[in-house]
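Taken together, the values in this text are just the output of simple stated rules run on the coordinates, not laboratory data. In this text, all values refer to a predicted model and were calculated from it rather than measured experimentally. All Cβ positions, even for glycine, are placed from backbone atoms using ideal geometry, and neighbour counts span all protein chains on display.
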Amino acid sequence: MKLNKLLKNTLIIIITSFIVKIIGMVGKIVTTRTLGFEGMSKYALSYPTLLLFINIAGFSMNNTISKLISEALATKQYSPKIILKKGIKTSLIVSIICILIYLLSIKTISTHLLKDNDLFYPLFMGVFLIPLVGISDALRGYFNGIKDVKTASTSLLLEQIFRTSFSLLGILIGLKYNIIVATSFLYIALSIGELASITYCLINLKIKKIIHYPNTIGEQKIITKTAGFLTLSKMVGSISYFLEPILYTFILTYLNYQTETIHNIYTMIDVYTIPLLTIISFIPFSLSTAIIPHISESYANKEAKKLINYLKKAYFSTLFPATICLITIFIYHDELMMLLFKTTIGAELAKNVAILFIFYYLQVINTSILQAMGEVKIILYNSIFNNILRLILILVLPFFPIINCYSILYSVIFSSIISSIILTTIIINKTKLTISYYKLFIITVIFIFTYFSYLLLNYLNINYLISIIIVIILNILFFTLILRKKL
């Protein structure tokens, strides 16, 4: 079957992302085992603070530039070269402001809000990452926008290789001193990974001629407008993520939990349970990266049939692997957690919420679709609502005995469910997308087939890894047959 350009690009991104995920997973497994629970606790508690400033400084350049350049290629209203230059300049200005605020605030955050003086040092080493993310995102956004996904994907792969290699090297060196030095090296490794990505993209820009249209105006205005809304939306999420451990510590302290116990539960959920549940999140993220330029182009050209076709492919290609993954976690939660992290901490919790996490994957693709359609205000308003709701749930749910200290996990689930329903409804209304009962039937069949296949293989006493491989192969064959039909 001759693959169309979208499918080719999607396959390139998914395959590259799969390799990146494997490298990252191996690195995380070794890191988690080497640093231990204490070291990962330091990382899990400090990272939300750094992420907040990274997301502000990055100014959503990847998605902004990708969207604007793909539209510019269709309309020739703006110059891709100027969009890239203005995007990098804007990101650097915002980064300088963020660095100053970051350096002035990390002492207070680590000592008084997170109640751990040792967190200051890892946070300080993260300052180098702040300006690099925006440049890297802008360069990758350019290549995604011109649909050169090979270059963008390779830069991502190089970033992960350098990040993982230097993380492991840094930990081995740092552990000779203490756990704080080792944890700090993780943040230095992140910066080295971004530098590798930037270098590769700049080399490709020298080799390949940057697309330029003369006599265009308004690039800075459209960048600021688009990136502003997207960054506000992302910033809301980052602020929420930043506040999560603070509010979580506050409410459980109020309920007479010890600080050490609170940090341990937070680490269990953030380092073990959620990473297991989102283990294939690279697929919807990869799909969204591949599909944004195509949806933007078809939406800008008002090609309704093409747009709806892309939407159907996006939803089906997200829900298909997510269903298989979550059922696998439901059946083999202990085995997978032991395989990945050499512990069963958080495994039972992952089993209890596995099926509900389908809404997390749906939320990811919904946001990407609306972003590609230019509905940045809707994304912002939904993000504000969603994150405020999650923070409220973190404070309220501990008073329910059935949830108690796991409020931070259930707040993610409940907010994802509500957000997915709202965004899906909006997309249906705006695009006149009809629900495909045939595809819903197919997803249901996949669910039932996967579940009972595992039960049968367990009954035959087949090793869980072999069982997973068999079920995945059977589902891939099934998916290939589905692709032969019009999605």
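Sorting 389-399, 234-244, 105-115 by average packing, meaning the other beta carbons within 10 Å per residue, from highest down gives 234-244, 389-399, 105-115. Multiplying the residue separation of Ile355 and Asn461 by 0.36 nm and removing their Cα-Cα distance gives an extension gain of 35.7 nm.
Label positions at Ile96 and Asn117, each projected 7 Å from the Cα along the C-beta direction, are separated by 3.5 nm. Scoring 366-374, 44-52, 70-78, 335-343 by mean Cβ neighbours within 10 Å over their residues and listing the highest first yields 366-374, 44-52, 70-78, 335-343.
The slack between Tyr437 and Ile210, meaning 0.36 nm per residue of separation minus the straight C-alpha distance, is 77.3 nm. The range 92-146 and the range 181-244 have Cα centres separated by 12 Å. Put simply, the amide H of Thr343, placed in the peptide plane, has neighbours under 5 Å in Met338, leaving out anything fewer than 5 places away on its chain. By the beta-carbon count within 10 Å of each Cβ, the least crowded to most crowded order of Thr224, Thr273, Thr323, fewest first, is Thr224, Thr323, Thr273. Here the Karplus curve 6.51 cos²θ - 1.76 cosθ + 1.60, taken at θ = phi - 60°, turns the phi angles of the range 375-392 into couplings of 8, 5, 5, 5, 4, 5, 5, 5, 5, 4, 4, 4, 6, 5, 4, 5, 5, 5 Hz, with x standing for Gly and Pro. Starting from the Cα of Lys81, draw a straight line to each of the aspartates and glutamates and keep only those under 20 Å, dropping any in the same chain fewer than 8 residues away. Cross-link targets: Glu71, Asp137, Asp148, Glu219, Glu297. Across the range 23-32, coupling constants 3J(HN,Hα) worked out from phi with the 6.51/-1.76/1.60 Karplus curve, θ = phi - 60°, read 4, x, 5, 4, x, 5, 4, 5, 4, 4 Hz, and Gly and Pro carry x. So what is the relative contact order of the range 5-434, in percent, for Cα pairs below 8 Å that sit 6 or more residues apart? Relative contact order of the range 5-434: 21 percent. Take 178-184, 82-88 and order them by the average number of nearby Cβ atoms within 10 Å per residue, most first; the result is 82-88, 178-184. Summary of the geometry: the range 54-82 and the range 303-379, compared by the centres of their Cα atoms, lie 26 Å apart. Using 19 Å as the Cα-Cα cut-off, could you pick out the over-long pairs in Lys67/Lys306; Lys89/Lys150; Lys67/Lys206? Flagged as over cut-off: Lys89/Lys150; Lys67/Lys206. Using θ = phi - 60° in the Karplus curve 6.51 cos²θ - 1.76 cosθ + 1.60, the 3J(HN,Hα) couplings for the range 267-274 round to 5, 4, 6, 6, 9, 10, 5, 5 Hz; x is entered for Gly and Pro.
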